[in-house]
Amino acid sequence: MMRSLVFAAGLALAASPAHAGPGEVTAVSVLPAPGRAEVVIDVAGSVGYQDFTLDSPSRLVVDITGATLGGTRALYDGVNRAGILNVRYAQYRADVVRIVVELEGLRDYTIEQGEGMIRVAFGSDQSFAAWSSLEPRALAATATGGTMASPYAAPAPPVPALNAPQSQQPRITVTYDSASIADVMAGLAAFSGRSIILGKDVSGVITAEIRNQPWDVAFESILSSQGLSAVEETSGIIRVDNPEILAKRDSLEPLTTKLIRVNYQRAGALVEPLKSVLSTRGKVVADTATNTLIITDVGSRIVDDSVFVSRLDVRTPQVSIHAKLIFVDRTDIENLGVRYDLGTSTQFFNELIQRPDPSTANGVDADGDGNADYVTFESYDPDVTVVDVGGNALSGIANASALIPGSALNLIFSTAIGGYSLTTFVEALQRVELADLQAEPVITTADNTKAKIQVGERVPLRVVDQGAIAGGTGAPRTTTQFEDIGIILEVTPHVTASGQILMQLHAENSSVKEAPADLGYSFATQQADNQILVDDGQTAVIGGLTVTELTVAKSGIPFLVDLPIVGSLFGFTSRRESRRDLLILVTPHIIDTGDEEIAFGGGR
């Protein structure tokens, strides 16, 4: 059985330096040195190390592998020593001790392993008092320790921690000038402590300069430049050969089946990504009932397949999204008009005041002198206002008879001018209609998972298919479809590596009303579709829309209605203004950050 490490496929598995046995971290110290400040980790036994940096806050993390924590566990005294703010250490796993160095800011550093200690150096000209988890008398002995001198790798220059590669393997600086690939592989084996064997037909010459790179990254680049691949056997030996030869080895290796229970993801969703790293004979099936992956592959690849699944099966962040949808409809109506009724009892043009029929007039002689004192009509009604004055020369000059439905103000003015009766009706209306609709949906979903919330109705729509009539006879086929209306919010969040939230959003406010004729229904919709990047807890405006509609109507007596100042006395003016506002606010919160990279004292 062999464990593969296929760099040609682009999946490089980090290999830890070998240890002879269990080790121990006995002390951690912060010491001044000429031109630098050092964090010295005293170790006993054979151990390895891995280092990487984190920001927000700035930290350097050093994992001592193959070790347990021993000695005195004194807390750091909190003094700022050349930008070193705090030093914490704990047993991270059963065989890993983690040391976290909190810094004022990320900075260049070097790390090297010597006999009985691992030193981390930061450039600094500041002087300070030493600190150690040991007794003070032990500081002098620790401070006088020598630095490691590697016969193969030149001393590494400071590393820009902000641009550090993801690999956490020991770094190497070396120059090759027409060196044979056999010598290069031998040097990498000596530096890393690994066993590397070349195929019998592998040859070539390498000229390269490698500066402060993890050894496995340099190893991968060298193989890639020569068109070679590497596999790691279960014994820990790394074989280097042409890809075709290594592929033939897979065809002769027996297959192995392994069941992997998936915890945080759907097993079916991992099938396609896993197929990209399986060997040509490998297969994978998802059991949805138990959320388990059934992997069949060659024995040398089955371990790598399991590692690949474990990297995909991680707890994803949870995001809570608080949205606020504001819809405001405002309508202003202003109507003003003047109506006239001018005429006599025998001749009139307007119909504002009911008048008796002149043909039914009867004279009445009240004093018996033979002359009619007044006139009565057969259609006379004492409750009806009657205007009965003589003359007809001006009875038809004005006809302003428009009405204001539901007017709020009605003024009537009546006067007799000579032989005429003039009645004026002044009507006015001002109305303000305001509709303010606010919805505040809140929804929580996992990273990269679409969520939807709706408050409204599902409207059934009947669809008639005339083309379903066979041969032009019979009834057409009808089907029923449903349309969602109301307040609808759809969102798909993604938490970026920097802690921001990228959201794909759809917000909608819709209603339905009957359409004219036989069209069925029409839908009034206000919606916004957007993709936006915001910080955790930041409120963003993703939609702002204002629609204003103004209608002005004027009617009245030609020419007179257009006169300045007095023109309003000869007609009607109607003004209607509608204003619709839409505003959508969204505030996301990360309520679960998912898997963390550090076990204590902070996250990413």
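Brief remarks follow.
- Among residues of region 110-136 that are within 18 Å of residue 171 (Cβ to Cβ), those with a beta-carbon under 9 Å from a residue that is of a type in the set (Ser, Thr, Tyr) and open to solvent by 50 Å² or more (accessible area, probe 1.4 Å) at least six positions away or on a different chain give the pairs 112/147; 114/147; 119/147; 121/147.
- Positions within region 250-270 being surrounded by 14 or more Cβ atoms within 10 Å (Cβ to Cβ) and free of Cβ contacts under 8 Å to residues at least 40 places away in the same chain, in sequence order: 267, 268
- Check on residue 46, at pLDDT below 85, open to solvent by less than 60 Å² (accessible area, probe 1.4 Å), in a loop (DSSP other than H, G, I, E, B) and of a type in the set (S, T, N, Q): no
- Test: residue in region 97-116 that is modelled with pLDDT under 80, in a loop (DSSP other than H, G, I, E, B) and more than 30 Å from residue 242 (Cβ to Cβ): no
- Checking region 338-352 against the condition returns a match, with at least one residue being surrounded by 19 or more Cβ atoms within 10 Å (Cβ to Cβ) and modelled with pLDDT of 75 or more.
- Total residues in region 220-230, condition more than 13 Å from residue 195 (Cβ to Cβ) and open to solvent by less than 20 Å² (accessible area, probe 1.4 Å): 4
- Extreme residue, nearest to the chain's Cα centre (by Cα), among residues of region 208-247 that are in a strand (DSSP E or B), of a type in the set (D, E, K, R) and closer than 17 Å to residue 303 by Cα: 232
- Check on residue 112, in contact with a Leu (Cβ under 7 Å, 6 or more places away or on another chain) and open to solvent by 20 Å² or more (accessible area, probe 1.4 Å): no
- Within region 67-94, the set of residues being more than 39 Å from the chain's Cα centre (by Cα) and surrounded by 13 or more Cβ atoms within 10 Å (Cβ to Cβ) comprises 67, 68, 69, 70, 71, 74, 76, 81, 82.
- Restricting region 526-580 to residues that are outside any loop (DSSP other than H, G, I, E, B), of a type in the set (A, V, I, L, M, F, W, C) and over 30 Å from residue 327 (Cα atoms), the residue that is most open to solvent (accessible area, probe 1.4 Å): 569
The values are calculated or read from the model by the stated rules, or taken from the named source; none is laboratory data. Keep in mind the model is a prediction, meaning the values are calculated, not measured. So basically every Cβ, Gly included, is an ideal-geometry build from the backbone, and we count neighbours across all protein chains shown. All accessible areas refer to the heavy atoms of the entire protein, side chains included, with ligands and DNA or RNA removed. Shrake-Rupley method; radii C 1.70, N 1.55, O 1.52, S 1.80 Å.
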